[in-house]
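What follows is a set of notes on a single structure, which appears directly below.
The values are calculated or read from the model by the stated rules, or taken from the named source; none is laboratory data. For clarity, every value in this text was computed on a predicted model and none was experimentally measured. Cβ atoms come from the backbone with ideal geometry, glycine included; neighbour counts cover every protein chain shown. To get the accessible areas, we keep the full protein, side chains included, count just its heavy atoms, and leave off ligands, DNA and RNA. Shrake-Rupley method; radii C 1.70, N 1.55, O 1.52, S 1.80 Å.
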Amino acid sequence: SDQARILHQDKMMSLGKLAASMVHEINNPLSGILNYLRLMIRTLSRGPLAEDRREKFLGYLNLMENETKRCSQIVSSLLTFSRISSPSFGQVQVHDLLNRCIILSRHKLELQNIRPVSEIEPHIPQVAGDFNQLQQCVINLIFNAIDAMPDGGTLRLTGHLDNTKDYVTITVNDTGPGIPEKNLPHIFEPFFTTSQEGYGVGLGLSTVYGIMERHKGAVKVESQPGQGTTFKLQVPIYGMNQ
Ligand SMILES: Nc1ncnc2c1ncn2[C@@H]1O[C@H](COP(=O)(O)OP(=O)(O)OP(=O)(O)O)[C@@H](O)[C@H]1O
Ligand SMILES: [Mg+2]
């Protein structure tokens, strides 16, 4: 339904914000833990532990335990939020998937004067996967494409059966500035971002990478400065290894 769609879209928008705050939330306890560890290593390397120190060390260890628990809670709340922890695999229609993604991005596309074009091969086989997770991948790629075209352009989505007939290739292509060669090896790393502070957190492509791994698929990129960017998702077709 429209309601569910909007909720899902909101959820993905706020996932970025949640992740950004998570980075700070985790950084504080981690530096606390690191300080205690260093103190304990330094003390222990000087010789045997005196009885009065033992009490203190137990106190430090308790603090470290609590801080570690906090980090782990923050991470699991993010996983629950993004539903990465509970995939449900099934047959996914590529038409449905791409149409849904275009509907979810329509507003952003219109605002930025971007023309969406989609070319889906007729009789394209169904793919094996989790609809929500695959949708999250395509949406992340579309949002990156939109970010890359602040002055408008064309967003091209395609779906076709690969020559090997083992998987379907979904491509997301933009007419933006492209990705500088020096950045290409890093774009799939978590928290790698070139966007301004407070906007992107750099989790989009690493999420896509993780989801594709879980689908036994792959994500690839082709980009040259000035020539736009094409991301390719390779998703196993349904019925191959099930
Ligand atoms: N279509 C694209 N055109 C140009 N650069 C891109 C494109 N897609 C990704 N990038 C580059 O890869 C980086 C990482 O992308 P990623 O989606 O992981 O993070 P982000 O978009 O910066 O932040 P987030 O997705 O977490 O909001 C981007 O900051 C950008 O430099
Ligand atoms: Mg992104």
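The table below lists the values:
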{"item": "Accessible surface of Tyr209 - all protein chains present, 1.4 Å probe, nearest 10 Å²", "result": "110"}
{"item": "Where Glu222, Glu51 fall by accessible area, highest first, once all protein chains stay in place (1.4 Å)", "result": "Glu51, Glu222"}
{"item": "Label-point gap, in nm, between Asn99 and Thr164 - each point 7 angstrom along Cα→Cβ", "result": "3.0"}
{"item": "Amide hydrogen neighbours beyond the local backbone of Gln126, cut-off 5 Å, H modeled", "result": "Tyr238"}
{"item": "Ranking by accessible area, most exposed first, for Leu111, Leu44, Leu203 with a 1.4 Å probe", "result": "Leu111, Leu44, Leu203"}
{"item": "Accessible surface ranking that places the most exposed of Met212, Met240 first, with a 1.4 angstrom probe", "result": "Met240, Met212"}
{"item": "Distance between the stretch 106-144 and the stretch 151-194 - C-alpha centres, whole angstrom", "result": "12"}
{"item": "With all protein chains modelled, accessible area of Asp52 [1.4 Å, Å²]", "result": "110"}
{"item": "His95 accessible area, 1.4 Å probe, all protein chains in place, Å² to nearest 10", "result": "80"}
{"item": "Fully extended contour minus Cα-Cα distance, from Glu51 to Met240, at 0.36 nm per residue", "result": "61.6 nm"}
{"item": "Estimated FRET transfer efficiency (Arg106, Asp151; beta-carbon r; R0 22 Å; 0.05)", "result": "0.75"}
